1. Is at least one residue of the stretch 265-277 among the hydroxyl-bearing types (S, T, Y), out of contact with any Ser or Thr (no Cβ under 7 Å at 6 or more places or on another chain) and part of a helix (DSSP H, G or I)?
2. Scan the stretch 167-193 for residues that are acidic (D, E) and either surrounded by fewer than 24 Cβ atoms within 10 Å (Cβ to Cβ) or modelled with pLDDT of 90 or more (or both) and jot them down.
3. Can you confirm whether L108 is of a type in the set (A, V, I, L, M, F, W, C), modelled with pLDDT of 70 or more and crowded, with 21+ Cβ neighbours inside 10 Å?
4. Does the stretch 332-376 hold any residues that are out of contact with any helix residue (DSSP H, G or I) (no Cβ under 8 Å at 6 or more places or on another chain), basic (K, R) and without any contact (Cβ under 8 Å) to a residue 40 or more places away in the chain, and which are they?
5. Does the stretch 333-341 contain at least one residue that is buried (at least 18 other Cβ atoms within 10 Å of the Cβ), part of a helix (DSSP H, G or I) and either at negative phi or not assigned by TED's automatic domain parsing to the domain that holds R260 (or both)?
6. Determine if the stretch 280-298 includes at least one residue that is more than 14 Å from the chain's Cα centre (by Cα), modelled with pLDDT under 95, outside any helix (DSSP H, G or I) and of a type in the set (A, V, I, L, M, F, W, C).
7. Please enumerate the residues belonging to the stretch 272-322 that are aliphatic (A, V, I, L, M) and more than 22 Å from P22 (Cα to Cα).
8. Those residues that are loosely packed, with under 15 Cβ neighbours inside 10 Å, assigned to a helix (DSSP H, G or I) and either touching a residue at least 24 places away in the same chain (Cβ under 8 Å) or touching a strand residue (DSSP E or B) at 6+ places or on another chain (Cβ under 6 Å) (or both), I need them from the stretch 32-59; list them, please.
Amino acid sequence: MLLVPVDELSCGMVAGASVLHPSRSEVELVRAGTTITERMITQLQRLEVSDVWVNCDGTEDLDKAIGTGLNRAQKALVDDLRKNFARVAGQTISAASISGYRRNISELVCEAITARSYASLTHRLQIKGEEMFTHCAGVAYLCIVLGLELESYLIAQRPKLHPGAAADLTELGLAGLLHDIGKTMAHDEVRAWHSIGPDGQEPEGYEKHTIVGFKMLQHCRAGAAVRNTVLMHHQRWDGEGWPTPQSLRLEGVPSFKGERIHVFSRVLAAANTVDSLLSAERDGGGRVLPVEALHEFASHRFDGWFDPIVRSAVLRIIPPFGVGTKVTLSDGRAAVVVAPNRELPCRPAVRPLENNPDAETMDLATHPELSISKSGGRDVSALYYEPDAPPRAQQIAA
């Protein structure tokens with residue numbers, strides 16, 4: 001299958017996967033196997049659906065990259081959050097809800113392990129009007145994926161625990177899912193705020209949601225790792241985050257920075273920011289492309305925000321061009337991405353979309369004369385980035 005921008009669809013193409021309504025995830029706009037018509041294209045454009053999976057000769061070997069099980073697992077989380085968060089507002093979260101979320105996270109861990117080799121991480125659920133739920137589900141998944149990548153680092157950073165317990169991702173995923181639970185007790189402006197804007201842009205009362213979330217999780221006796229990770233997920237590596245020791249009434253305690261921040265909170269901080277960047281709206285409308293979001297995450301704007309080990313992992317494992325994505329090469333040829341490149345993420349392996357079913361796969365890392373010039377119908381030639389190598393001492397630990 002091939003991921004094609006809606007504006008590049010043509011009549012006669014066959015949908016390879018279901019297309020869901022962007023505002024009502026229970027509504028299936030196009031069923032898998034349906035032949036695309038002009039009327040369908042017009043409707044999808046009107047509803048601002050960004051892209052569609054279509055069947056394409058010569059790409060059958062990439063079909064597993066779509067991760068339908070992963071999509072189902074994330075949708076289950078969104079549905080569960082939608083039902084439960086409405087009941088949470090104005091009261092406390094229940095221990096039964098925590099138990100249910102834990103089961104969902106366990107399923108998501110299994111799906112993440114299955115999908116890991118396909119690097120289908122950027123095809124995030126996009127359900128308009130439910131940003132809080134899709135954001136929380138997306139952050140939980142990114143936490144799990146980063147945790148899988150950083151397993152040895154998590155073990156090294158939690159030396160008091162048995163290695164098996166230190167590497168268990170359930171608590172990390174659960175913290176990711178519930179990191180914004182404190183917003184359910186706030187006014188609508190705080191509940192809807194997921195942007196990464198300049199300091200001071202946040203609505204009044206926004207900084208309180210981490211402490212409120214901590215207290216809610218403490219009340220229902222959620223594990224210490226979960227509630228403390230939620231409390232500290234807005235801390236920064238350079239010490240400029242919050243809450244401060246003073247706001248927690250910890251007099252004489254130095255600011256939280258570096259390895260004084262729990263490693264789960266460091267992972268969650270990065271996942272939270274990346275998901276917000278991936279779901280942002282472009283100027284003029286439409287979602288940003290993964291390469292746009294990751295280019296910004298790699299920029300100097302975020303220097304000092306994140307654990308260098310975690311930041312490097314984000315930029316190596318989340319592909320700017322997901323497997324199955326249709327792209328245009330610098331020589332004008334259309335191609336499909338067939339494999340990511342961890343060291344040079346913007347130079348993946350691609351296969352030209354030619355009539356020849358045996359078209360040769362090209363590793364762009366070994367073809368410096370070629371590059372990806374367009375993706376999603378947009379010029380991306382100025383968005384290339386390379387992950388920084390983390391500090392040597394930390395690299396060994398990771």
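1. Looking for residues that are among the hydroxyl-bearing types (S, T, Y), out of contact with any Ser or Thr (no Cβ under 7 Å at 6 or more places or on another chain) and part of a helix (DSSP H, G or I), one finds at least one in the stretch 265-277, hence yes.
2. D168, E171, D188, E189
3. yes
4. Residue satisfying the conditions is R333 alone.
5. no
6. Checked against the condition, which is being more than 14 Å from the chain's Cα centre (by Cα), modelled with pLDDT under 95, outside any helix (DSSP H, G or I) and of a type in the set (A, V, I, L, M, F, W, C), the stretch 280-298 yields no hits at all.
7. Answer for the stretch 272-322, where residues must be aliphatic (A, V, I, L, M) and more than 22 Å from P22 (Cα to Cα): L294, A298, I309, V310, A313, V314, L315, I317, I318.
8. Within the stretch 32-59, E38, Q45 qualify.
The values are calculated or read from the model by the stated rules, or taken from the named source; none is laboratory data. Nothing here was measured: the structure is a model prediction, and the numbers come from that model. For neighbour counting, all protein chains shown are included, and Cβ atoms are generated from backbone atoms with ideal geometry for every residue, glycine included.
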